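Below you'll find the structure, written out as structure tokens, and then a few comments.
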Amino acid sequence: MKPMRAPAARHTRYAVLRGPSAGPLLLAAGAVLGACATGRAPSDPPPSAKALPVALELWGGPYPARRQDQVTAWNEAHPATSVRFIAAPEVGQGAAAVQRLAAAVAAKSGPHLLDIDRFQVASYANWRLIRPLGDHLRNDRIPASRFLAATLDEATGVDGGLYGLPSSVDVRLLLWNKQRFAEAGLDPERPPVTWDQLRDTAIRLVGSHGGAATPLDRLGFDTQGGQASLHLFAWQSGGAFQTADGRSASLPAPANRQALEWLVDLVAAQGGWPAVAALRQRWANDRAGADGAAHPFLTGQLGMQHQIGDWVGDVLARHRPDLAFGAAAPPVRRAGDAPLTWSGGYSYVLARHTAAPDAAWAVMQWMLGEPAIRRAYDGERTRADAGGGAHLPGLTGQPALDTALLRAYSSGIPAVDSAAKVALELVPAARIRERSLASADLWDAVIGAQEHAISGQQSPARALEDHNTPAQRALDQAWTLAPRG
């Protein structure tokens with residue numbers, strides 16, 4: 001697979017995707033499809049109504065303060081088209097989130113536009129939850145070259161239509177605490193570059209005080225936190241979670257199993273799951289936890305982690321701008337392997353049912369423009385400054401703009417600015433998730449298998465086999481609903 005490209009799509013055109021169950025979600029999708037059978041969205045107004053003032057809703061997940069700043073700026077400049085922003089979990093990962101969104105759209109109570117996790121765009125498109133953007137792009141002469149090609153691939157439906165434009169792009173990095181490296185007798189300027197080195201380094205970074213309840217007080221590498229999901233390890237082993245034709249889930253593939261076995265072994269080498277779980281529970285009990293000043297990487301209780309560049313520029317820079325850390329490409333399986341990381345992010349999409357598609361498109365265009373993006377970044381910097389920290393924006397999926405903005409919004413903190421540069425340089429070496437008709441189910445299956453194997457509930461082989469079953473069921477039902485010919 002080429003870097004930053006979706007797998008080749010061999011799907012035939014079809015009209016509906018199954019959700020996480022054949023119950024309410026399938027009925028919700030059916031209601032949407034039925035309303036769309038005439039060839040227009042279910043609630044398109046007559047032309048005369050489109051000239052009236054409109055009120056729109058935007059649903060988004062990450063960075064709610066940033067989106068609210070942008071919406072406020074839009075409303076100030078466009079009183080005839082008001083937008084209300086709602087931070088909604090329905091736009092995120094997993095089958096449960098998709099189910100809630102499908103039900104809202106079917107009830108015509110959903111948003112007019114959304115900022116959704118991009119790997120699920122193809123599924124949403126084929127449920128007829130969102131609109132294709134081709135006509136809008138052609139009418140307004142917006143060149144595809146403005147956007148990172150992978151973000152357009154990932155937001156393309158199996159019908160070949162483009163359904164989303166990127167609001168963000170993230171890239172996985174290896175972060176390491178230089179002070180903890182030095183304390184362990186490691187060179188703080190030399191991070192691990194292979195899996196073997198990652199394992200050996202993690203073992204040396206483990207801290208233990210010998211207590212019975214929580215014998216560990218520091219973990220070398222957290223296999224269950226940050227961005228350490230099985231995906232990247234499996235891909236670096238040559239694995240994949242779905243066959244190239246999109247019809248079969250492939251979680252039990254040997255490369256995937258070998259990667260999961262390696263992660264299980266890494267946990268054992270750091271003291272075993274019971275000890276690791278006790279330490280992680282201590283982290284979870286701290287309410288400042290994952291996105292605050294008490295994050296274990298910021299407090300020195302975690303020596304290394306896989307994490308996205310956005311986290312560095314937001315959480316780390318805001319709470320620990322003084323932290324001595326480094327950022328590099330994630331270690332590869334063997335010496336000599338080409339760099340390979342993982343990219344995700346969100347995209348703006350238009351809801352199929354919106355009564356004001358042109359107005360919603362105008363808002364989307366504005367949100368993608370440099371003035372709106374700068375408004376968001378200015379707000380984040382102001383909030384960070386007020387708390388005594390710093391802020392550096394992530395990537396937008398517009399390469400020329402990203403280069404300019406990272407220069408303009410430099411944090412002035414060498415390690416933070418260096419991490420952003422590393423992330424930008426790694427974009428060509430990044431891979432996206434398989435484009436799937438059952439993307440939410442496939443995600444849940446991979447994460448579930450990893451959790452069950454790491455925690456010792458199942459062997460890696462059994463966990464992958466068992467979690468492959470619901471993913472395969474979702475794919476089978478999706479293709480059964482597809483029209484033939």
Item checked: From 280, 334, 257, residue being at pLDDT 95 or above and closer than 21 Å to residue 172 by Cβ -> 334
Check: Scanning for something under 21 Å from the mean Cα position of the chain (by Cα) and surrounded by fewer than 22 Cβ atoms within 10 Å (Cβ to Cβ), does the range 213-223 turn up at least one residue?
Finding: no
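For the structure I just gave you, tell me whether residue 175 is modelled with pLDDT of 95 or more and buried (at least 24 other Cβ atoms within 10 Å of the Cβ). Steps first, answer last, please.
Values: modelled with pLDDT of 95 or more: yes; buried (at least 24 other Cβ atoms within 10 Å of the Cβ): yes.
Judged against the criteria, residue 175 is a match.
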Notebook entry, point to check: What pairs come up if the first residue lies in the range 268-285 and is closer than 18 Å to residue 453 by Cα, the second is basic (Lys, Arg), and their beta carbons are under 7 Å apart, counting only those six or more places apart or on different chains?
Noted result: 269/199
Check: Are there any pairs, at least 6 apart or on different chains, whose C-beta atoms fall under 7 Å, with the first in the range 231-253 and over 16 Å from residue 431 (Cβ atoms) and part of a loop (DSSP other than H, G, I, E, B) and the second modelled with pLDDT under 95 and of a type in the set (Ser, Thr, Tyr), and if so, which?
Finding: 246/436
Item checked: Any strands (runs of 3 or more DSSP E) falling wholly within the range 318-384 and containing at least 1 residues that are crowded, with 20+ Cβ neighbours inside 10 Å and touching a Ser or Thr at 6+ places or on another chain (Cβ under 6 Å) -> 346-350
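Hey, among 378, 385, 466, which residue is more than 20 Å from the chain's Cα centre (by Cα), at pLDDT 95 or above and closer than 19 Å to residue 317 by Cβ?
Being more than 20 Å from the chain's Cα centre (by Cα), at pLDDT 95 or above and closer than 19 Å to residue 317 by Cβ holds for just one of 378, 385, 466, which is 378.
Rundown of residues vs (1) more than 23 Å from residue 54 (Cα to Cα); (2) touching a residue at least 40 places away in the same chain (Cβ under 8 Å); (3) in the same structural domain as residue 320 (by TED's automatic domain parsing), yes/no style:
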position	(1), (2), (3)
111	no, yes, no
114	no, yes, no
117	yes, yes, no
120	yes, yes, no
126	yes, yes, no
139	no, no, no
Item checked: Among the candidates 372, 419, 390, residue that is modelled with pLDDT of 95 or more, within 23 Å of residue 307 (Cβ to Cβ) and not assigned by TED's automatic domain parsing to the domain that holds residue 237 -> 419
Margin query: Residues that are in contact with a Lys or Arg (Cβ under 6 Å, 6 or more places away or on another chain) and surrounded by fewer than 20 Cβ atoms within 10 Å (Cβ to Cβ): does the range 256-265 have at least one?
Written below: no
Checklist line | Residue match in the range 427-448 (condition: surrounded by fewer than 18 Cβ atoms within 10 Å (Cβ to Cβ), small (Gly, Ala, Ser), part of a loop (DSSP other than H, G, I, E, B) and over 15 Å from the mean Cα position of the chain (by Cα)) | finding: no
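The values are calculated or read from the model by the stated rules, or taken from the named source; none is laboratory data. This one's a predicted model, so the numbers in the text were calculated from it and none came from an experiment. Note that we place each Cβ from the backbone using ideal geometry, even for glycine, and neighbour counts take in every protein chain shown.
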